[in-house]
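Okay, structure first, notes after.
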Amino acid sequence: MVAGKIHIDPEIYSVLEAVSDPEIPVLSIMDMGIVREVILEGKSIHLKITPTYSGCPAMDTIAVDIKLALEAAGYQATIELILSPAWTTDWITEKGRQNLLDYGIAPPLNDSQDKRALYDGERLVPCIRCKSTNTKMISQFGSTACKSLFQCEECLEPFDYFKCLK
């Protein structure tokens, strides 16, 4: 298993690809990179998932959704929550990053840019509409704890920015 990349049966992958993050429905759990390991023995699956952050309220819902999806596909599933290694936004796939942008959420920057944008007020987060970096943070917390609320000073559009987590 490489950070954010796992190899699994294509049928199981397609089932898991259909399970969405309940807080960001345009992202599958595979796009998010929270699926860490899939152990398949016949029709039994043991799946290990990592929360995006400790105490993430969506993890119980995600575990139930995974179990239901796999059972509907004919598998018996057990879900294990693992905390190490800790999830990082580096595990979001390129497809997931594009889906965030298309949905109206700015995808995470790299770690150093993120800190400069969130704490030093540097204008690095591009507007999701006009692509200008003449943006400012309105609130450290957006619609969920993992996002900040920004506003473009060119087109005045408010938008969520998915914080970089390392």
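Coordinate-derived values only; no laboratory data. Keep in mind that this is a model prediction, so the values were computed, not measured. Here Cβ is always computed from backbone atoms with ideal geometry, including for glycine, and neighbour counts include all displayed protein chains.
In sequence order, the stretch 128-144 has phi-based couplings of 6, 9, 9, 6, 5, 9, 7, 10, 9, 7, 8, 8, 4, 10, x, 5, 9 Hz under the Karplus curve 6.51 cos²θ - 1.76 cosθ + 1.60, θ = phi - 60°, and Gly or Pro positions carry x. Only lysine pairs 8 or more places apart, or on different chains, with alpha-carbon atoms under 17 angstrom apart are counted in the chain, and they number 13.
Packing, as the average of other Cβ atoms within 10 Å across residues, places the peptides 70-77, 25-32 in the order 25-32, 70-77, highest first. Of the trypsin sites (Lys or Arg not before Pro) found in the stretch 78-117, none is in coil by DSSP with at most 12 other Cβ atoms within 10 Å of its Cβ. Can you tell which of 153, 23, 41 shows the greatest fluctuation in a Gaussian network model of the chain with Cα springs below 10 Å? Taking springs between Cα atoms under 10 Å, the residue moving most is 41. Note on residue 14 and residue 71: their simple-model spin labels are 2.3 nm apart, each label 7 Å out from Cα toward Cβ.
A Förster distance of 45 Å, applied to the separation of the beta-carbon atoms of residue 139 and residue 46, puts the FRET efficiency at 0.70.
Among 102-111, 154-163, the peptide with the highest mean count of other Cβ atoms within 10 Å heads the list, and the full ranking is 154-163, 102-111. DSSP assigns beta bridges within the stretch 10-91; of those with both partners inside it, close to 55 percent run antiparallel.
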